[in-house]
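Trainee: Next up is a structure, given as structure tokens.
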């Protein structure tokens, strides 16, 4: 008795993979490029509609391949035009992607994992725990769906595209899903795919140092680092990964990354938490970290915290955020305060939660480290 036939989801393949797959069917390399364009430039999911492909090739495709996107569980639109999709990825898991329209761009925030194992204190996703990595096809399906859907609605951010920028800042730590991430990035950058420049694709990481070193060699795109604290003791509590890759190692990796990066600076994300990391002493410690002898050319992006009950944290007062920003700007740093978008649909930074069948007992682990020691708040440790 023969087993079920294997069907390849073509969203899992970058152009190199698509070429090898087509050659395995006895097709020439240029057929892969044609097919790739149909899928990613035109958003086509119907092989019979791919009119410039030979009929025998289309028959092979129908027998051996599919273009399998993700089922949309919900779609919400914010008063400010932000759109959030909840995608079903099976086994009780769902991930979120967010489209943020602006005057000169359309940015899609993409998820890389169902949940997240890093467990940052201020992040709703981290409190839900971790289930599994997404495949390359599941990562790309978020962009594929958004581009198709928004284009059908007449959304144009630039030229004939709705999505002009992609940020890997959704659910998950992208660099802990490296093998699926890099092919997805290559499709985003490929001129036969989405044709995005390296400057317009950003990977956000909490500081997985070895994978930062690999990314700078394999596919150097813009890099954003979730910093959130200028001292190891405080960052250990807010971003547990810091215990494995402390600030000195992280700063060295950031400096090294700039040798291949499409921009001449690293973006540091800093979530402003009332009474935790938002004092002028913290601002000065941040200056000492990034402008000191082992510093990094950077831009600081201050993020107003988006509260959720399980965090036990509060948003810094607007005047405190502005005072923090002025202190950094006065020392010559480029510092911006992120404008909150989509918070009425829980689509703002740190709010993406989706649905996760947790395998990591996240709630139990976080409950054991709920109270932050006073010496950590006061910054009584050195980098």
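Trainee: Does at least one position in the range 337-346 carry a residue that is modelled with pLDDT of 90 or more, in contact with a strand residue (DSSP E or B) (Cβ under 8 Å, 6 or more places away or on another chain) and under 20 Å from residue 225 (Cβ atoms)?
Mentor: Yes; the residues of the range 337-346 include at least one that is modelled with pLDDT of 90 or more, in contact with a strand residue (DSSP E or B) (Cβ under 8 Å, 6 or more places away or on another chain) and under 20 Å from residue 225 (Cβ atoms).
Trainee: Something else about it: Being part of a helix (DSSP H, G or I) and crowded, with 21+ Cβ neighbours inside 10 Å is the filter here; which residues of the range 140-181 pass it?
Mentor: Scanning the range 140-181 gives 140, 141, 142, 143, 144, 146, 147, 174, 175, 177, 181.
Trainee: Kindly check whether there is at least one residue in the range 354-371 that is in a loop (DSSP other than H, G, I, E, B) and either over 27 Å from the mean Cα position of the chain (by Cα) or at pLDDT 90 or above (or both).
Mentor: Yes, some residue in the range 354-371 is in a loop (DSSP other than H, G, I, E, B) and either over 27 Å from the mean Cα position of the chain (by Cα) or at pLDDT 90 or above (or both).
Trainee: Which members of the range 33-73 meet the condition of being over 28 Å from residue 85 (Cα atoms) and under 28 Å from the mean Cα position of the chain (by Cα)?
Mentor: Selection gives 33 alone.
Trainee: Surrounded by fewer than 20 Cβ atoms within 10 Å (Cβ to Cβ), in the same structural domain as residue 174 (by TED's automatic domain parsing), in contact with a strand residue (DSSP E or B) (Cβ under 9 Å, 6 or more places away or on another chain) and modelled with pLDDT of 95 or more: does that describe residue 325?
Mentor: Taking the combined requirement at face value, the residue satisfies it.
Trainee: Among 234, 189, 227, which is the only one that is in contact with a strand residue (DSSP E or B) (Cβ under 6 Å, 6 or more places away or on another chain) and either free of Cβ contacts under 8 Å to residues at least 40 places away in the same chain or surrounded by 18 or more Cβ atoms within 10 Å (Cβ to Cβ) (or both)?
Mentor: On inspection, the qualifying residue turns out to be 227.
Trainee: Checking residue 69 against (1) touching a helix residue (DSSP H, G or I) at 6+ places or on another chain (Cβ under 9 Å); (2) in a helix (DSSP H, G or I), which single condition isn't satisfied?
Mentor: Residue 69 satisfies all of (1) touching a helix residue (DSSP H, G or I) at 6+ places or on another chain (Cβ under 9 Å); (2) in a helix (DSSP H, G or I) except (2).
Trainee: Okay, moving on. Collect the residues in the range 31-58 that are in contact with a helix residue (DSSP H, G or I) (Cβ under 9 Å, 6 or more places away or on another chain), exposed (fewer than 13 other Cβ atoms within 10 Å of the Cβ) and in a helix (DSSP H, G or I), keeping them in residue-number order.
Mentor: Within the range 31-58, 48, 49 qualify.
Trainee: Go through the range 298-322 and give me each residue that's surrounded by fewer than 16 Cβ atoms within 10 Å (Cβ to Cβ) and part of a loop (DSSP other than H, G, I, E, B).
Mentor: Hits for the range 298-322 are 312, 314, 317.
Trainee: Of the conditions (1) at pLDDT 95 or above; (2) in contact with a helix residue (DSSP H, G or I) (Cβ under 6 Å, 6 or more places away or on another chain); (3) surrounded by fewer than 20 Cβ atoms within 10 Å (Cβ to Cβ), residue 288 clears all except one; give me its number.
Mentor: With respect to (1) at pLDDT 95 or above; (2) in contact with a helix residue (DSSP H, G or I) (Cβ under 6 Å, 6 or more places away or on another chain); (3) surrounded by fewer than 20 Cβ atoms within 10 Å (Cβ to Cβ), residue 288 is out only on (2).
Trainee: I need every pair where a residue in the range 253-266 that is within 10 Å of residue 220 (Cα to Cα) and not assigned by TED's automatic domain parsing to the domain that holds residue 333 has its Cβ under 6 Å from the Cβ of a residue that is modelled with pLDDT of 95 or more and in a loop (DSSP other than H, G, I, E, B), sequence separation at least 6 or different chains.
Mentor: none
Trainee: Can residue 104 be described as outside any strand (DSSP E or B) and assigned by TED's automatic domain parsing to the domain that holds residue 146?
Mentor: When the stated conditions are applied, residue 104 passes them.
The values are calculated or read from the model by the stated rules, or taken from the named source; none is laboratory data. Just so we're clear, the structure is a prediction, and the values are computed from it rather than from any experiment. Note that we place each Cβ from the backbone using ideal geometry, even for glycine, and neighbour counts take in every protein chain shown.
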